[in-house]
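Working notes for the structure below.
Nothing in this text is a laboratory measurement; each read-out follows from the coordinates by a stated rule. No experiment lies behind these values; they were computed from the predicted model shown. A quick note on method: Cβ atoms are made from the backbone with ideal geometry, for glycine too, and the neighbour counts reach across all protein chains shown.
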Amino acid sequence: MTIRAAAPGDFDAIAAITNHYIATTAIHFSYDPVTRDELVDAWQSTRERHPWLVLEQAGVIIGYAKSGPWRERAAYAWTCEVGLYVVEGAHRRGLGTALYSELLDQCAAFGLRSAVAGITVPNPASVALHERLGFVLVGVFRDAGWKQGAWHDVVFYQKLLATGPRGPNAGDAS
Ligand SMILES: CC(C)(COP(=O)(O)OP(=O)(O)OC[C@H]1O[C@@H](n2cnc3c(N)ncnc32)[C@H](O)[C@@H]1OP(=O)(O)O)[C@@H](O)C(=O)NCCC(=O)NCCS
């Protein structure tokens with residue numbers, strides 16, 4: 001099993017993993033499948049500040065984790081939104097923990113201050129994984145999405161990746 005940075009050739013597999021969960025669950029709030037090109041655009045436009053990782057086993061991509069901007073205004077630039085997906089046949093083998101631990105280490109290395117994750121509930125696996133890795137519940141958005149004929153609550157978690165009063169850039173007073 002290898003965890004490595006995503007590369008252009010990985011995005012058909014990343015789209016397939018995502019589209020399985022879009023089609024069959026409310027874990028992902030899109031109604032329509034994502035295309036490879038949309039994902040490549042998202043990766044290309046954020047990769048200077050955010051890591052995207054894949055989990056590869058015997059040459060097959062079986063999971064991925066990504067970081068991206070949480071909100072757009074300038075002062076939010078050091079808060080990221082993270083997420084991960086592991087193919088169904090490979091759950092509960094420690095792969096999600098390994099993948100996310102590496103992602104969060106890399107987010108910290110990118111200088112990001114905290115990571116935010118939104119989880120459509122119920123999702124006991126994702127809640128347990130986030131809590132195990134030090135995320136703290138910050139709130140519940142009731143009926144935040146309508147999918148598959150039902151309203152769904154989304155719980156938001158946050159993990160601080162750095163602490164202390166210093167700004168992100170030495171001497172930066174903005
Ligand atoms: C959430 C997900 C990434 C977890 O990945 P995973 O590789 O199965 O997780 P791990 O094997 O590292 O498990 C880590 C811990 O999470 C918890 N966990 C995992 N699966 C669980 C389940 N089905 N029920 C309850 N807890 C679970 C356990 O505490 C587990 O540790 P343990 O096995 O030592 O008890 C995976 O279930 C997944 O891809 N789900 C679909 C997509 C998804 O929900 N993504 C998150 C969107 S917010």
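Tallying residues that are assigned to a strand (DSSP E or B) and either surrounded by fewer than 19 Cβ atoms within 10 Å (Cβ to Cβ) or within 13 Å of the ligand (Cβ to nearest atom) (or both) within region 68-87 yields 9. Restricting attention to region 7-50, the residues being within 16 Å of the ligand (Cβ to nearest atom) and under 23 Å from Ala98 (Cα atoms) number 12.
The set of residues in region 29-67 being touching a Ser or Thr at 6+ places or on another chain (Cβ under 9 Å) and either free of Cβ contacts under 8 Å to residues at least 24 places away in the same chain or part of a helix (DSSP H, G or I) (or both) consists of Ser30, Pro33, Val34, Leu39, Thr46. Tell me, please, whether a residue that is within 14 Å of the chain's Cα centre (by Cα) and part of a helix (DSSP H, G or I) can be found in region 3-14. Yes, that holds for at least one residue.
The set of residues in region 101-128 that are more than 13 Å from the ligand (Cβ to nearest atom) and in contact with a helix residue (DSSP H, G or I) (Cβ under 8 Å, 6 or more places away or on another chain) comprises Gly111, Leu112, Arg113, Ser114.
Hey, among the residues in region 88-104 that are hydrophobic (A, V, I, L, M, F, W, C) and under 15 Å from the mean Cα position of the chain (by Cα), which one's nearest to Pro124 (Cα to Cα)? Before you say what the answer is, go through the steps one by one.
Initially, region 88-104 is screened for residues hydrophobic (A, V, I, L, M, F, W, C), giving 90, 95, 98-99, 103-104.
Okay, now just the ones that are also under 15 Å from the mean Cα position of the chain (by Cα), so 95, 98-99, 103-104.
Details: Leu95: 16, Ala98: 18, Leu99: 18, Leu103: 21, Leu104: 20 Å.
Filtering first and then ranking leaves Leu95.
With the requirement that a residue be farther than 20 Å from Lys66 by Cβ and either among the hydrophobic types (A, V, I, L, M, F, W, C) or within 13 Å of the ligand (Cβ to nearest atom) (or both), what does region 132-152 give you? Correct list: Val136, Leu137, Val138, Val140, Phe141, Ala144, Trp146, Ala150, Trp151, His152.
Of all the residues in region 88-97, those that are within 7 Å of the ligand (Cβ to nearest atom) and either buried (at least 22 other Cβ atoms within 10 Å of the Cβ) or at negative phi (or both) number 6.
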